[in-house]
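See below for the structure under consideration.
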Amino acid sequence: MTSGPGAFALVLSGLALAACGSSAPEPRPSFTAPGEGVVGASSGLPIERYFPIVHGNLWHYETTSDDGERGLLLVRARRTSAYEGELVTPTGARRVAFTSEGIALLGRAVYVLRAPIAVGMSWTGEHGGWTRIAAVGQSVTVPAGRFDGCVVTVEDRGGDVPVRYTTTFCPDVGITVLDVEARMAHERAELRSYGPPVNIGPEGTSFTTTP
């Protein structure tokens, strides 16, 4: 089993397949809250339930591909303020801001998820394609368990090598499933565990406990 599938590490850190350049202003938080504490900070916006960044939390994903390659991907949350945070992977950090319009991917002038959460809502995707909300109120079962009330988005990117990204966001958990399809190739990441790290053993090995 490999420990760092590049495609998913890049996708989840927001560094893969950069969108076409844009002169649009970078999305910024719609609210200001100076001086708030980082640990336990929350924007209080309803959309944050689908992409929660709780400082120190970990997500472990199992990844598979059509060629039989399997791997594990670790994502760590870093909360920088009530309205901003990062998801950190071995390839880099994905910085986001929670706004009344949606979850903005900082530095890219695009959104990970936009409000209102309703089928048919669409926007320019983070990979340079067009993203739409394909389903709401969905249930999904992954190694981490069964989750209800989930939102499924689909981003289609054209060009010489068309790619489709299908992402499932579940309340109070975040991304539970990510499918990437390109021509005849297919890769999938499923959530294995999530939550605060638990240190076990003399070397302080970190694990997560799924609630």
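In segment 158-211, which residue that is touching a strand residue (DSSP E or B) at 6+ places or on another chain (Cβ under 8 Å), not polar (S, T, N, Q) and not in a strand (DSSP E or B) is modelled with the lowest pLDDT? Steps first, please.
Within segment 158-211, the first condition is being touching a strand residue (DSSP E or B) at 6+ places or on another chain (Cβ under 8 Å), and the residues that meet it are 161-171, 173-182, 185-200, 205-211.
Now restrict to residues that are not polar (S, T, N, Q): 161-165, 169-171, 173-175, 177-182, 185-192, 194-198, 200, 207, 211.
Filter again for not in a strand (DSSP E or B), leaving 161-162, 171, 173, 196, 211.
Details: VAL161: 84, PRO162: 91, PRO171: 97, VAL173: 97, PRO196: 93, PRO211: 52.
Across segment 158-211, the extreme among qualifying residues is PRO211.
The single condition among (1) open to solvent by less than 50 Å² (accessible area, probe 1.4 Å); (2) of a type outside the set (Val, Ile, Thr); (3) over 21 Å from PRO197 (Cβ atoms) that ASP156 does not satisfy is (1).
Going by the structure shown, is SER122 polar (S, T, N, Q), open to solvent by less than 60 Å² (accessible area, probe 1.4 Å) and farther than 27 Å from ASP67 by Cβ?
Working: polar (S, T, N, Q): yes; open to solvent by less than 60 Å² (accessible area, probe 1.4 Å): yes; farther than 27 Å from ASP67 by Cβ: yes.
So SER122 fits the description; yes.
Would you point out the residue of segment 129-139, among those that are within 16 Å of the chain's Cα centre (by Cα) and open to solvent by less than 40 Å² (accessible area, probe 1.4 Å), that is nearest to ILE47 (Cα to Cα)? This residue is ILE133.
Elements of the type strands (runs of 3 or more DSSP E) sitting completely within segment 7-119 and holding at least 1 residues that are open to solvent by 10 Å² or more (accessible area, probe 1.4 Å), among the acidic types (Asp, Glu) and at pLDDT 80 or above: these cover 58-65, 84-89.
Among the residues of this structure, ALA97 counts as one that is among the small types (Gly, Ala, Ser) and under 13 Å from the mean Cα position of the chain (by Cα).
Checking each residue in segment 177-192 for being crowded, with 17+ Cβ neighbours inside 10 Å and of a type in the set (Gly, Ala, Ser) picks out only ALA189.
Within segment 126-157, the set of residues being under 24 Å from VAL96 (Cβ atoms), in contact (Cβ under 8 Å) with a residue 60 or more places away in the chain and not in a strand (DSSP E or B) comprises GLU126, HIS127, GLY128, ALA144. Selection of first residues in segment 97-113 that are without any contact (Cβ under 8 Å) to a residue 12 or more places away in the chain and of second residues that are open to solvent by 10 Å² or more (accessible area, probe 1.4 Å), restricted to Cβ pairs under 7 Å at least 6 apart or on distinct chains, gives an empty result.
The values are calculated or read from the model by the stated rules, or taken from the named source; none is laboratory data. Computed from a predicted model, the values in this text were never measured in an experiment. In this analysis, Cβ positions are derived from the backbone assuming ideal geometry, glycine residues included, and neighbour counts consider all displayed protein chains. Surface accessibility is based on the protein's heavy atoms, side chains included, excluding ligands, DNA and RNA. Shrake-Rupley method; radii C 1.70, N 1.55, O 1.52, S 1.80 Å.
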